[in-house]
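What follows is a set of notes on a single structure, which appears directly below.
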Amino acid sequence: MEEVEHYLKGLGADVVTTDDKLKAALAAAGFPRPKLGLNCVGGASSTAMAKSLAHGATIVTYGGMSMKPVTIPTSLLIFKDLTCKGFWLSGGTKGKDYASKKAVLNKLVPLLRQNALSTRLNPISFRRYKEAFERPKTHSGEKYLLMFD
């Protein structure tokens with residue numbers, strides 16, 4: 001957890017916590033309840049997130065790393081007036097014309113070049129492709145980009 005916390009704080013995170021400590025960590029930091037929750041895990045994580053959100057908040061699910069369903073108690077939907085939405089990046093671009101997709105990339109690429117956005121992408125020469133496959137598989141989020149030189 002320390003390595004993940006260090007990495008996320010390096011990206012600008014103010015608070016890094018776990019599902020079971022989320023509400024307490026937000027309160028200890030003096031933050032108001034969030035109005036937006038971005039859920040990429042599902043399962044118990046989505047429930048903990050929903051419980052920590054403000055009245056009238058929205059929770060957007062864009063992944064399901066736990067392979068478990070998003071579970072939001074009925075009481076939160078009714079009494080906290082939560083809105084739940086899904087987001088699918090590649091599905092959201094289906095049917096869009098080339099110019100629309102290019103416009104989005106034209107906004108993102110300069111941000112990557114300015115280091116305003118970052119990725120955990122490691123370029124590796126195609127000639128060394130075996131190294132990428134032989135490296136231990138971890139949950140670090142690192143990806144390898146095979147470069148054809």
- Note on the structure: Cβ pairs under 9 Å, 6+ apart or interchain, first in region 48-69 and touching a residue at least 60 places away in the same chain (Cβ under 8 Å), second exposed (fewer than 15 other Cβ atoms within 10 Å of the Cβ), ordered by first then second residue, are none
- Consider only pairs whose beta carbons are under 8 Å apart and that are at least six residues apart or on different chains; among these, list those whose first residue lies in region 98-121 and is over 21 Å from residue 144 (Cβ atoms) and whose second residue is open to solvent by 80 Å² or more (accessible area, probe 1.4 Å) and not acidic (Asp, Glu). none
- Item | Elements of type helices (runs of 4 or more DSSP H) in region 1-77, at least 2 residues being in contact with a helix residue (DSSP H, G or I) (Cβ under 8 Å, 6 or more places away or on another chain) | 22-28, 43-52
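The values are calculated or read from the model by the stated rules, or taken from the named source; none is laboratory data. Treat the numbers as computed from the prediction; the structure is a model and nothing was measured. In this analysis, Cβ positions are derived from the backbone assuming ideal geometry, glycine residues included, and neighbour counts consider all displayed protein chains. Ligands, DNA and RNA are stripped out before the accessible areas are found, and what is left, the full protein with its side chains, is counted by its heavy atoms. Shrake-Rupley method; radii C 1.70, N 1.55, O 1.52, S 1.80 Å.
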